[in-house]
Amino acid sequence: MRKLAMRLSILLLSIFTVSGGAIAATIPMMMKSFPNISPTLIELLMTVPSLGIIIFTPLSNFFADRFGVKNTILTGLVIILIAGITPALTTSFGLIFASRIGIGIGTGLLASFAQSLIIQLFDGAEQQRMMGLSSVFQGLGMFVITYFAGVLMNFSWQTAYWVYLVALPIALLVAFFVPKGVGQVEEPTTNVSTSNSKHVDGKVWVLAGFAFLFNVTFAFITIKFASLVVSRHYGTVMDASTLLGMMSFAMAAGGFLFMFIQKHWRAYSMAIALAFATAAFLILTMSQSLILSGLGVIFVGIAVSVFMASMVTSVGYLTSAQQVPFSTSVAITCANVGTLVSPYIAQVFSQTSGNTTPAFTFLMGTFVFAILLILATLAGLNYGKLGYHATIKGVAKNAK
């Protein structure tokens, strides 16, 4: 029972990696409540947590070295709890803005451990199953939090922020069921030379580059999809919002698919994710109907779920056990930077080509995904040569 509760605690941490936008629907109501505040500044409330995530995800490993992984995770959860419910208790826009940065800080403190602990604590089929379930929890968690935020918003926009109380029971689960020394790796005792735990191998930097480009392109769906549907006159903004809501379930389905892919085609799991992404953006580029666009959105949800799980699993395969936490944080940070700069990249595509239509943005995204697909396939063909093969006492070897 205690072991099951520990696994549940780790899996539930994945919810907070996507919870920042759960209260996006409150923005129009907040604009009415703060007529003297720039609408752009109010919209920034949805993206400003990314700054905290980008800064504190790599820093979380230094805090963990000093205070322990468990204490770092608990600190992150407490910050999310306090910062999350702050807008429900105040009408000061300055405090609300600061609280959204706090959401990013808290998320950054636990984000990498939500994934790296799975790599460190589990091996083989069990590790694959936990990574898949992590994606399932992430997708369903995003849906549940967004849904209850919408229900609470029927009372007022402030009430919606009480949804962050979910951090409290999760913090209690971590406090009672996650071991104190979790995430600590034995120091190697052989003469085999190993890198410092804060050193990032070149192969991991390449993987982080993949994550950056993937998120830059994936984020086109959030900034351009509604415009695509409306500009082609086959749906409304509400139709687009409904279809985007389907991504949560697609991400959950992608978690189950990831388990199957890892079991049978582990070397090509990232390539399969990119194949889904390429097909999705190609479909959206050509789509003239809600049904076809819905299929594209489902493919996008599956792609992001399988890609992110594959990325974290690959970190464990490419580097030593000591390097996994920091290397994971670097990859996650690069992915978040990609999300943050995506609107500007889309703007560059439009300005350099002179084509400002949403369809062109998705066409360019199709080309980016196709190039990444080719590179990921080549990496799959050489998968056995890329792994970290050093045999060190006390350090888990990567399964082939």
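The values are calculated or read from the model by the stated rules, or taken from the named source; none is laboratory data. It should be emphasised that the depicted structure is a prediction, and the values quoted were computed from it without experimental measurement. For neighbour counting, all protein chains shown are included, and Cβ atoms are generated from backbone atoms with ideal geometry for every residue, glycine included.
What about G94, is it under 16 Å from the mean Cα position of the chain (by Cα) and either assigned to a helix (DSSP H, G or I) or modelled with pLDDT of 95 or more (or both)? For G94, the condition - under 16 Å from the mean Cα position of the chain (by Cα) and either assigned to a helix (DSSP H, G or I) or modelled with pLDDT of 95 or more (or both) - is not met. In the set G102, G108, only one residue is of a type in the set (G, A, S), in the same structural domain as Q158 (by TED's automatic domain parsing), under 21 Å from the mean Cα position of the chain (by Cα) and farther than 17 Å from P58 by Cβ; that residue is G102. Pairing residues of the range 152-164 that are touching a residue at least 60 places away in the same chain (Cβ under 8 Å) with residues that are of a type in the set (F, W, Y) and surrounded by fewer than 24 Cβ atoms within 10 Å (Cβ to Cβ), at Cβ distances under 7 Å and at least 6 apart in sequence or on separate chains, gives V163/F148. Between I272, I261, the distinction of being among the β-branched types (V, I, T), touching a helix residue (DSSP H, G or I) at 6+ places or on another chain (Cβ under 9 Å) and within 26 Å of V337 (Cα to Cα) belongs to I272 only.
Beta carbons closer than 8 Å, at least 6 apart along the sequence or on distinct chains, pair a first residue in the range 258-269 that is in a helix (DSSP H, G or I) with a second that is surrounded by fewer than 14 Cβ atoms within 10 Å (Cβ to Cβ) and not hydrophobic (A, V, I, L, M, F, W, C) for A267/G384. Number of residues in the range 364-380 that are hydrophobic (A, V, I, L, M, F, W, C) and touching a helix residue (DSSP H, G or I) at 6+ places or on another chain (Cβ under 8 Å) equals 9.
The residues of the range 141-167 that are at pLDDT 85 or above and touching a Gly at 6+ places or on another chain (Cβ under 9 Å), listed by number, are A160, Y161, W162, V163, Y164, L165, V166, A167.
Residues of the range 97-132 that are surrounded by fewer than 17 Cβ atoms within 10 Å (Cβ to Cβ), assigned to a helix (DSSP H, G or I) and modelled with pLDDT under 90: G124, A125, E126.
Closer than 18 Å to V368 by Cβ, assigned to a helix (DSSP H, G or I) and touching a helix residue (DSSP H, G or I) at 6+ places or on another chain (Cβ under 7 Å), is that true of A309? Spelling it out, it is not the case that A309 is closer than 18 Å to V368 by Cβ, assigned to a helix (DSSP H, G or I) and touching a helix residue (DSSP H, G or I) at 6+ places or on another chain (Cβ under 7 Å). Among the residues of the range 236-257, those that are assigned to a helix (DSSP H, G or I) and among the β-branched types (V, I, T) comprise V237, T242.
Scan the range 224-244 for residues that are under 24 Å from the mean Cα position of the chain (by Cα) and farther than 18 Å from I283 by Cβ and the total you get is 1. Are any residues in the range 352-374 more than 16 Å from S227 (Cα to Cα), touching a residue at least 12 places away in the same chain (Cβ under 8 Å) and of a type in the set (G, A, S), and if so, which ones? A370, the sole residue that qualifies.
Has the range 235-248 got any residue that is of a type in the set (V, I, T), surrounded by fewer than 24 Cβ atoms within 10 Å (Cβ to Cβ) and touching a Ser or Thr at 6+ places or on another chain (Cβ under 6 Å)? Looking for residues that are of a type in the set (V, I, T), surrounded by fewer than 24 Cβ atoms within 10 Å (Cβ to Cβ) and touching a Ser or Thr at 6+ places or on another chain (Cβ under 6 Å), one finds none in the range 235-248, hence no.
The residue pairs whose first member lies in the range 300-324 and is among the aromatic types (F, W, Y), whose second member is modelled with pLDDT of 85 or more and part of a helix (DSSP H, G or I), and whose beta carbons are closer than 6 Å, counting only pairs six or more residues apart or on different chains, are F307/F214; F307/A273. Does at least one position in the range 337-353 carry a residue that is at pLDDT below 90 and within 22 Å of S269 (Cβ to Cβ)? Looking for residues that are at pLDDT below 90 and within 22 Å of S269 (Cβ to Cβ), one finds at least one in the range 337-353, hence yes. Take the conditions more than 17 Å from the chain's Cα centre (by Cα), more than 21 Å from F16 (Cα to Cα) and surrounded by fewer than 19 Cβ atoms within 10 Å (Cβ to Cβ) and apply them to Q347. Does it pass? Spelling it out, Q347 is indeed more than 17 Å from the chain's Cα centre (by Cα), more than 21 Å from F16 (Cα to Cα) and surrounded by fewer than 19 Cβ atoms within 10 Å (Cβ to Cβ).
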